[in-house]
Amino acid sequence: MNIDFILNGLLAGFIATVAMSILQVPMYRKWGMISVLEWHENQVITSKFIKKPLEELLIPGFLFHLLHGGFGGIAFAIVVSIIDFKVSYLVSGTVLGFLFALVVLIIHEPITKVKPLKHPLGNIPVIGSFVNHAIYGAALGYFLSIL
């Protein structure tokens, strides 16, 4: 396994997370933190670590979100260096993004106490999570392939 490729996965993960987050900002501005499932999760987790109210933790919560994206990039780089999926990184990254969205749905209620499939905002947060994670995955695959 090439360490440079793994580090490129970390960088690609950070870039992909920023791309995804830019698209999440309008949801956050319109409906608040609860509308962006993964941001909400990160805020709650960060609040438990730092012992401050959710409202005071936008930046630390975002940094936690960025860290998750970087780790996702490392994991992706490791997996594609071990397994030849016979498809482009763009395609395999997009599939990974959908899998990450599924993980968000599974862990959301235990962390936030909000049921994503019975969300107060309806289907918007779940659809947004899938779309934004697909964008994350596509960006991850693209940037890993060009770095």
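Looking at the stretch 46-62 only, could you name the residues that are part of a helix (DSSP H, G or I), surrounded by 13 or more Cβ atoms within 10 Å (Cβ to Cβ) and not β-branched (Val, Ile, Thr)?
Correct list: 47, 54, 56, 58, 60, 61, 62.
Is the stretch 82-94 home to any residue that is open to solvent by 60 Å² or more (accessible area, probe 1.4 Å), in contact with a His (Cβ under 8 Å, 6 or more places away or on another chain) and among the aromatic types (Phe, Trp, Tyr)?
No, the stretch 82-94 contains no residue that is open to solvent by 60 Å² or more (accessible area, probe 1.4 Å), in contact with a His (Cβ under 8 Å, 6 or more places away or on another chain) and among the aromatic types (Phe, Trp, Tyr).
So residue 23 clears everything in (1) open to solvent by 60 Å² or more (accessible area, probe 1.4 Å); (2) more than 14 Å from the chain's Cα centre (by Cα) except one condition, right? Which one?
Checking residue 23 against (1) open to solvent by 60 Å² or more (accessible area, probe 1.4 Å); (2) more than 14 Å from the chain's Cα centre (by Cα), the one that fails is (2).
Identify all residues within the stretch 63-79 that are of a type outside the set (A, V, I, L, M) and open to solvent by less than 80 Å² (accessible area, probe 1.4 Å); write none if there are none.
64, 65, 69, 70, 72, 73, 76
Quick one: how many residues across the stretch 93-114 are in contact with an Asp or Glu (Cβ under 7 Å, 6 or more places away or on another chain) and within 12 Å of residue 34 (Cβ to Cβ)?
The number of residues fulfilling the criteria is 2.
Residues are listed down the side, and each one gets a yes or a no for (1) farther than 24 Å from residue 23 by Cα; (2) part of a helix (DSSP H, G or I); (3) modelled with pLDDT under 95:
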{"residue": "78", "(1), (2), (3)": "yes, yes, no"}
{"residue": "86", "(1), (2), (3)": "yes, no, yes"}
{"residue": "93", "(1), (2), (3)": "no, yes, no"}
{"residue": "114", "(1), (2), (3)": "no, no, no"}
{"residue": "122", "(1), (2), (3)": "no, no, no"}
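Which residue, of 105, 66, is within 23 Å of residue 15 (Cβ to Cβ) and within 16 Å of the chain's Cα centre (by Cα)?
66
All but one of (1) of a type outside the set (Val, Ile, Thr); (2) farther than 20 Å from residue 25 by Cα; (3) modelled with pLDDT of 95 or more hold for residue 133; which doesn't?
(2)
Within the stretch 69-124, how many residues turn out to be in contact (Cβ under 8 Å) with a residue 60 or more places away in the chain and hydroxyl-bearing (Ser, Thr, Tyr)?
The qualifying residues number 2.
The values are calculated or read from the model by the stated rules, or taken from the named source; none is laboratory data. Values in this document were obtained by computation on a predicted structure and should not be read as measured data. Cβ sites come from the backbone with ideal geometry, for glycine too, and all protein chains shown count toward neighbours. Keep in mind that these areas ignore ligands, DNA and RNA; they rest on the heavy atoms of the full protein, side chains included. Shrake-Rupley method; radii C 1.70, N 1.55, O 1.52, S 1.80 Å.
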